[in-house]
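Below: one structure, written as structure tokens.
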Amino acid sequence: MARKPPVEDPDERHPRVGKPMTSAAGLGGVTHGLRAGLAQMGVRRTTLTLLKINQAGGFDCPGCAWPEPAPEQRPHAEFCENGAKAVAEEATLRRITPEFFARYAISELAAKTDYWLGQQGRLTSPMIRRAGAGHYTPVSWDEAFDVVADRLRGGRPDEALFYTSGRTSNEAAFLYQLLARAYGTNNLPDCSNMCHESSGTALSSTIGIGKGSVTLDDIHEAKLLVIVGQNPGTNHPRMLTALEKAKKSGARIIAINPLPEAGLMNFRNPQKPGGYVGKGTPLADQFLQIRLGGDLALFQAIGHLLLSWGALDQDFISAYAQGFDEYAAARTTVDWPEVERATGLRRSEIERAARAFAGSPATIVCWAMGLTQQRDAVATIREIVNVQLLRGMIGKPGAGLCPVRGHSNVQGDRTMGIWHEPPAWVPKLGASLGVAMPVEKGLDTVEAIRAMRDGHAKVFVAVGGNFAAATPDTPVTEAALAACDLTVHVSTKLNRSHVVPGEVSLILPCLGRTEFDKGEFVTVEDSMSAVHSSQGSLEPASPELRSEVAIICGIAERLLGDALPWRTWQADYRAIRELIAAHVPGFADFEARVAVPGGFTLPHPPRDSRTFATSDGKAHFTVSPLATIDVPPGRLILQTMRSHDQYNTTIYGLDDRYRGVKQGRRVVFVSPDDLDALGVRDGSYVDVVSEWVDGSERTAHQFRVIAYPTARGCAAAYFPEANVLVPLDSTAAESNTPVSKQIIVRLEPCAAP
Ligand SMILES: Nc1nc2c(c(=O)[nH]1)N[C@H]1C(S)=C(S)[C@@H](COP(=O)(O)OP(=O)(O)OC[C@H]3O[C@@H](n4cnc5c(=O)[nH]c(N)nc54)[C@H](O)[C@@H]3O)O[C@H]1N2
Ligand SMILES: Nc1nc2c(c(=O)[nH]1)N[C@H]1C(S)=C(S)[C@@H](COP(=O)(O)OP(=O)(O)OC[C@H]3O[C@@H](n4cnc5c(=O)[nH]c(N)nc54)[C@H](O)[C@@H]3O)O[C@H]1N2
Ligand SMILES: [Mo]
């Protein structure tokens with residue numbers, strides 16, 4: 001039997017804090033995943049669903065974007081604890097019915113935590129909040145589509161925003177961008193703006209494509225794996241299996257992180273008998289406990305050392321790269337005291353890491369949010385490209401650049417044109433369909449918030465995601481959404497965004513990945529450009545649910561009429577794939593190639609043939625100035641990160657097992673030495689106050705202090721509770737990604753809650 005949802009919000013005022021764990025994903029991992037499944041789905045459904053995750057004919061795990069091994073090498077259980085939890089959240093037997101919305105006023109729901117909202121179960125009926133109403137009430141699909149179409153038709157296209165989160169299938173994403181553009185706007189902000197935008201920006205300008213250059217086999221074959229700003233034990237647990245395999249074939253691993261994350265240090269493979277017992281595989285050979293934001297200085301120093309040792313791939317550089325002389329000139333010297341200050345590392349540690357680069361015939365650098373959500377994120381990732389170019393580590397087995405994506409189809413959504421900058425194929429698509437496509441750039445996530453705040457945007461439509469909780473400066477974003485004439489959320493689960501409605505607000509409940517959609521399959525692309533199918537088989541949470549494709553087509557037809565065959569696309573997803581095949585590069589013969597188990601891999605010119613689609617056909621070295629973060633005395637640099645029990649804004653539970661925290665999320669991790677220096681006691685409570693350059697301050701109240709072995713001068717708290725601290729205007733240069741991992745804060749002792 002599945003357990004009932006909580007009626008009261010749990011008491012998380014007094015978290016229990018124990019010792020952090022030193023290894024990840026042993027037997028504990030699997031039982032925790034199963035426990036989550038049983039609580040939400042009961043026994044039968046748990047067995048049914050978990051066996052279909054990431055299997056041929058089954059569905060793509062809605063967890064992360066880490067790729068699956070080739071079908072013949074795939075174990076029967078190709079999922080992890082956190083994948084099981086993601087599935088349990090979606091396949092839960094709990095339901096939110098219209099009676100729920102009659103019982104709770106929107107204001108009451110707004111007072112609940114994200115955990116409570118998410119635990120109530122699946123949304124089952126379309127709901128509307130009519131102007132001025134205190135409650136959501138049921139609405140028919142027809143009326144809901146009319147409400148959207150009428151408001152859009154009555155307004156200007158540039159007043160509307162079409163947000164996407166990264167779970168949307170390729171088919172739905174392609175139609176959604178077409179809907180927005182056929183209506184007349186490139187306002188397609190997406191979760192990627194807050195996620196790997198910095199990677200895309202850095203990679204497209206240097207190697208000519210914004211995606212990573214490795215395959216899963218490359219990871220297995222690498223001799224040096226450098227994992228920077230990523231916590232795979234929690235966020236990409238299946239990656240640990242690949243790291244273990246590489247390690248067994250002799251790879252060295254360097255972990256670069258302010259936190260000694262359990263999954264980076266040691267790994268026990270739950271899918272191998274030996275994984276249940278014993279100490280497991282030690283993973284990192286070297287751990288560089290870097291100061292937040294110090295990676296730019298670190299990779300500049302590594303580049304300098306490789307140059308000074310002559311540890312270069314001259315042939316690669318002269319044949320394939322441009323800008324070497326300028327780069328070498330800029331890196332002839334290095335200011336070691338400054339590098340040590342910026343990184344918090346000793347010169348000897350950096351030299352040891354650089355020797356590993358110099359001695360490795362096949363190096364891959366992997367990174368995630370620890371790099372992308374920094375002020376100098378784009379410059380930092382370009383420095384990683386520099387180091388890889390120096391050693392010729394692009395376009396050969398076991399080597400390359402590996403931004404590890406988050407949402408399971410976030411990369412596919414971008415490939416499908418979910419982007420505020422229209423991809424090159426958009427005008428031709430318009431011409432072939434006889435639709436005029438807008439050419440001017442649209443708004444990204446931060447710009448979208450400003451536009452709503454300032455009254456320039458009045459309609460907000462979201463396919464998936466939780467915009468209110470995922471974005472920075474929470475009160476500003478909530479007020480911005482509430483100032484809209486119309487907010488529309490195509491969602492599976494209740495979340496914060498639904499309880500800060502515009503004047504009129506719609507909740508449109510959709511099918512999830514695990515659910516049967518009239519026998520159709522959809523397609524997704526993983527972090528390594530492999531495209532494959534995903535098919536749900538569970539009975540839908542409610543007969544009223546519609547697929548994302550059906551909802552997008554429903555709105556589009558009402559808004560744009562029948563000039564385009566929305567009905568045909570909705571009726572047969574093969575017709576959508578035909579359209580994609582005709583227009584999106586790399587998708588020729590889509591239907592046949594995706595029918596093969598395991599699907600197909602999209603072309604990646606640098607990886608496949610060392611060709612670079614830059615202005616001059618070469619990979620580019622770049623020069624960036626060294627930028628150290630200056631922290632006033634008595635202040636710390638705070639990062640906001642994920643606990644082990646959450647999927648972004650979806651809170652699975654209140655524990656962070658690997659970091660030793662139970663039953664509480666309003667916590668701040670600080671090194672014991674910094675606590676001593678600040679005169680703040682472990683276990684006491686503080687208001688965390690962020691200080692922004694314009695003098696403004698933001699406060700997160702009553703966080704419990706945890707003495708924790710993070711780098712000196714640094715602190716950490718959980719996203720989304722700490723998003724109030726991120727100023728809207730604090731964004732990364734060039735990518736405009738909110739700087740969620742570099743917030744200057746002070747701790748003010750306060751009373752316990
Ligand atoms: N279970 C689960 N899986 C997920 C998600 C989830 O929430 N839960 N989210 C998905 C999504 S959308 C994404 S984008 C990914 C996110 O995956 P991650 O990027 O692993 O997520 P974060 O928790 O933000 O962790 C950032 C890591 O970077 C480190 N870090 C922070 N700042 C710095 C820095 O300045 N330098 C260095 N070197 N390291 C730093 C932190 O200590 C932490 O270990 O995971 C995806 N998978
Ligand atoms: N401070 C801080 N802020 C951050 C980050 C950080 O590290 N620190 N990380 C950023 C990152 S990397 C990301 S990717 C964003 C995430 O931002 P979002 O993608 O906007 O947020 P999620 O929490 O992933 O969205 C969860 C909601 O998606 C809906 N959903 C789930 N599955 C489906 C589905 O199949 N279809 C539809 N239509 N809806 C579905 C559910 O209603 C659920 O409530 O947050 C960013 N914000
Ligand atoms: Mo993400």
Inset, instruction - Of all residues in the stretch 308-323, count the ones that are crowded, with 19+ Cβ neighbours inside 10 Å and either part of a helix (DSSP H, G or I) or at pLDDT below 95 (or both). - result: 3
Inset, instruction - Would you mind finding the one in 707, 627 that is away from ligand 2 (no atom under 14 Å from the Cβ) and over 24 Å from residue 738 (Cα atoms)? - result: 707
Inset, instruction - Hey, could you check the stretch 61-70 for residues that are more than 16 Å from ligand 3 (Cβ to nearest atom) and of a type outside the set (A, V, I, L, M, F, W, C) and say which is nearest to residue 642 (Cα to Cα)? - result: 67
Inset, instruction - Among the candidates 690, 684, 696, single out the residue that is under 26 Å from residue 345 (Cβ atoms) and away from ligand 3 (no atom under 16 Å from the Cβ). - result: 690
Inset, instruction - For residues that are surrounded by fewer than 24 Cβ atoms within 10 Å (Cβ to Cβ) and part of a helix (DSSP H, G or I), scanning just the stretch 220-234, find the one that is nearest to ligand 2 (Cβ to nearest atom). - result: 220
Inset, instruction - Please note which helices (runs of 4 or more DSSP H) are completely contained in the stretch 61-137 and include at least 2 residues that are modelled with pLDDT under 95. - result: 81-91
Legend entry - Residue check for residue 43: closer than 22 Å to residue 516 by Cβ and either crowded, with 21+ Cβ neighbours inside 10 Å or not assigned by TED's automatic domain parsing to the domain that holds residue 117 (or both): yes
Inset, instruction - Answer yes or no: is there a residue in the stretch 475-492 that is small (Gly, Ala, Ser), in contact with a Phe, Trp or Tyr (Cβ under 7 Å, 6 or more places away or on another chain), at pLDDT 95 or above and not in a strand (DSSP E or B). - result: no
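Out of curiosity, is residue 376 in the same structural domain as residue 531 (by TED's automatic domain parsing), surrounded by 24 or more Cβ atoms within 10 Å (Cβ to Cβ) and within 16 Å of ligand 1 (Cβ to nearest atom)?
So residue 376 fails the test.
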Inset, instruction - Please specify each residue of the stretch 515-540 satisfying the condition of being in a loop (DSSP other than H, G, I, E, B) and within 23 Å of the chain's Cα centre (by Cα). - result: 526, 527, 528, 529, 535, 536
Inset, instruction - Scan the stretch 616-629 for residues that are of a type outside the set (Lys, Arg) and either under 23 Å from residue 331 (Cβ atoms) or buried (at least 16 other Cβ atoms within 10 Å of the Cβ) (or both) and jot them down. - result: 616, 619, 620, 621, 622, 623, 624, 625, 626, 627, 628, 629
Legend entry - Filtered residues of the stretch 143-155 (kept if more than 31 Å from the chain's Cα centre (by Cα) and within 28 Å of residue 438 (Cα to Cα)): 146, 147, 150, 151, 153, 154, 155
Inset, instruction - Could you pull out the residue among 72, 78, 90 that is closer than 22 Å to residue 545 by Cα and not basic (Lys, Arg)? - result: 90
Inset, instruction - Answer yes or no: is there a residue in the stretch 648-658 that is surrounded by fewer than 23 Cβ atoms within 10 Å (Cβ to Cβ) and within 18 Å of residue 752 (Cα to Cα). - result: no
Legend entry - Test result for residue 395, small (Gly, Ala, Ser) and surrounded by 21 or more Cβ atoms within 10 Å (Cβ to Cβ): yes
Legend entry - Tabulated pairs, the stretch 253-268, first more than 9 Å from ligand 1 (Cβ to nearest atom), second among the β-branched types (Val, Ile, Thr) and modelled with pLDDT of 95 or more, C-beta under 6 angstrom, 6+ apart or interchain: 254/226
Legend entry - Number of the condition not met by residue 561 [criteria: (1) of a type outside the set (Lys, Arg); (2) within 24 Å of residue 427 (Cβ to Cβ); (3) surrounded by fewer than 20 Cβ atoms within 10 Å (Cβ to Cβ); (4) touching a residue at least 12 places away in the same chain (Cβ under 8 Å)]: (4)
Inset, instruction - Taking residue 110 as meeting all but one of (1) out of contact with any helix residue (DSSP H, G or I) (no Cβ under 8 Å at 6 or more places or on another chain); (2) surrounded by fewer than 17 Cβ atoms within 10 Å (Cβ to Cβ), write down the number of the exception. - result: (1)
Inset, instruction - Consider only pairs whose beta carbons are under 7 Å apart and that are at least six residues apart or on different chains; among these, list those whose first residue lies in the stretch 109-134 and is free of Cβ contacts under 8 Å to residues at least 60 places away in the same chain and whose second residue is assigned to a helix (DSSP H, G or I). - result: 134/106; 134/107
Legend entry - Condition check for residue 549: within 16 Å of ligand 2 (Cβ to nearest atom), within 21 Å of residue 62 (Cβ to Cβ), part of a helix (DSSP H, G or I) and under 23 Å from the mean Cα position of the chain (by Cα): yes
Inset, instruction - Sort out for me the strands (runs of 3 or more DSSP E) sitting completely within the stretch 671-753 that have 3 or more residues that are crowded, with 18+ Cβ neighbours inside 10 Å and within 16 Å of ligand 1 (Cβ to nearest atom). - result: 714-718, 743-750
Inset, instruction - State all residues of the stretch 630-670 that are within 16 Å of ligand 3 (Cβ to nearest atom), among the β-branched types (Val, Ile, Thr) and part of a loop (DSSP other than H, G, I, E, B); if no residue qualifies, say none. - result: 649
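The values are calculated or read from the model by the stated rules, or taken from the named source; none is laboratory data. Everything numeric in this text was worked out from a predicted model, so none of it was measured. Backbone-built Cβ (ideal geometry, glycine too); neighbour counts: all protein chains shown.
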